[in-house]
1. Filter region 321-369 for residues that are among the polar types (S, T, N, Q) and at pLDDT below 85 and give the result.
2. Can you tell me how many residues within region 333-366 are closer than 17 Å to Thr49 by Cβ and not in a helix (DSSP H, G or I)?
3. Based on what the data block shows, is Leu333 in contact with a helix residue (DSSP H, G or I) (Cβ under 7 Å, 6 or more places away or on another chain), more than 30 Å from Pro250 (Cβ to Cβ) and surrounded by fewer than 22 Cβ atoms within 10 Å (Cβ to Cβ)?
4. Please enumerate the residues belonging to region 384-410 that are on the phi > 0 side of the Ramachandran plot and assigned to a helix (DSSP H, G or I).
5. Would you call Arg226 within 26 Å of Ala379 (Cα to Cα) and modelled with pLDDT under 70?
6. Please indicate, with yes or no, whether at least one residue in region 276-296 is closer than 21 Å to Phe150 by Cα, touching a Lys or Arg at 6+ places or on another chain (Cβ under 7 Å) and not hydrophobic (A, V, I, L, M, F, W, C).
7. Specify which of the listed residues (Val422, Val401) is hydrophobic (A, V, I, L, M, F, W, C) and in contact (Cβ under 8 Å) with a residue 60 or more places away in the chain.
8. What is the number of the single condition among (1) surrounded by fewer than 21 Cβ atoms within 10 Å (Cβ to Cβ); (2) part of a helix (DSSP H, G or I); (3) modelled with pLDDT of 85 or more that Gly295 does not meet?
Amino acid sequence: MPAVLQAVLTVLHPLNLLLISIGVTAGIGVGALPGLTATMAIALLVPFTFGMNVVHALVLLGGIYCGAIYGGSYAAILINTPGTPAAIATTFDGFALARKGHAYRAIVVATIASAIGGLVGVFFLLFLSPPLARASLRFGPPEFFWLTVFGLTIIATISPKSTVKGLIGGAVGLLIGTIGIAPIEGNVRFAFGTVALQNGITLIPALIGLFCLPEILDMIGSRYHRETAIPYRSQRHMLRRVWRLMARKPWLLLRSSVIGTVIGIVPGAGANIAGMVSYNEAVRVSKTPEKFGHGAIDGITASEAANNAGVAGSLVPLLTLGIPGAPPAAVLLGALLLKGMRPGAELFTVHAAVTYTFMFSLVIANIVLLPLGLMLGRAASKVVSGLPITLLAPLVFFLSVIGSFSIQNNVADVYVMLALGVVGYIGRRAGFQPGPIVLGLILGAMCEQGLVQSILMGRAAGTPLAIFFTRPISLVLIALTVVSAAWPMLARMRQRHTPAVAAAHTHPIVEEKRDA
């Protein structure tokens, strides 16, 4: 308790509050730019913390982490491009709502959901770190394989217009993910003699190409029909209105936050998978799933609550076991080691005051996120809605090129972005959405690695296939996969049955009225 009390007093120091606010603001700015990820933001600022004491460095980096994950929602809502991979699911409803003139409403929803999701994640980090970290260690290759298979069943949810086209898009994403050096065997595949492709297709250029370039081309194609990319409608008391809508569905916020935290704890899963899984569950549970993809507030809420809860979730195995749950957490691990702090029991004994100060700084960061996000969001939505397409389109294209190049300082990534942009534009015209393609690309490498490693483990035990069906967590994931895959068919059957039941009940009433 003395360490906890000392941590509370330390984090409330004016200088620490200022550093947290600076970190959140900087993180929002970086996350809002396509291609500049939370990992990059933290990595770029780690050298600037060398001269700081450990508390100031950690609270600043923690604020950047929280702000960057949330900032990705700006680009997702305003230009239909995930500012960070965690905001992929936010594009499904965020941009649709923005095109109706409600960009600021979408940002308000994302801000409230992000703040609440982040606070729920920090609650788990503060009180349940050791047991949750031990649970994450039980995830081996078979569990990761079934987790990715479960993730692939989301394709049916994110492609409601045509499940077949969604499955084709997912298969294309899986094929794109096989380009480069195989994760286990080490042989080069589908590089076509090009050295640049031997490292595979980097996720960020793929995201920018599939999401951003088609939108730029649509902007240019529609410049004769409208002056700006999205309209803007000023509405009073937006925060109060949105809060009333969201307060009616507290279980949506809680469920999405818990999903984000749990998936964030699993090393390697990350906030991007958390957002997609949470979105899928929101659609599956909703009484009006047909509204998703057309500007549903629930879709934005599910995605943003989950990916921001995943921030604290990724820190659970980092602080307790030294295993980062996500790439940004891996950079934070480097910062901890540079300051002479080794993750594990030592953090909660020798460095308990510093550790709890860092945890409580995440609480402050998520609270600060609310006013900062609302102010910056209003300004961003007004600016983007006020820019003419003739200026916005080349500006977004310039940022796309810079974002693609800056990941590895490699011009080949720019060419990949352009090529996938053309593929995405043609696919959009043919009715294919980028979501399933990106999902296949994200899960492809993890799925292949889990499959091959599991088979090798099974061969060593003399039962190559039994290892997939004999582990408790695998059985749970298999059950979830079956339910998730069968749910769209069950929903269609229920929709067909409901009109028939309604007609059967209303027919006698009609007859009674006629008799009267």
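The values are calculated or read from the model by the stated rules, or taken from the named source; none is laboratory data. Predicted model, so just to flag it, every value in this text is computed and none were measured. Note that each Cβ is placed from the backbone with ideal geometry, even for glycine, and that neighbours are counted across all protein chains shown.
1. Result: Thr349, single match.
2. 4
3. In short, yes.
4. Scanning region 384-410 gives no hits.
5. So Arg226 fits the description; yes.
6. Within region 276-296 (the criterion being closer than 21 Å to Phe150 by Cα, touching a Lys or Arg at 6+ places or on another chain (Cβ under 7 Å) and not hydrophobic (A, V, I, L, M, F, W, C)), the answer is yes, since at least one residue qualifies.
7. Only one candidate qualifies: Val422.
8. (2)
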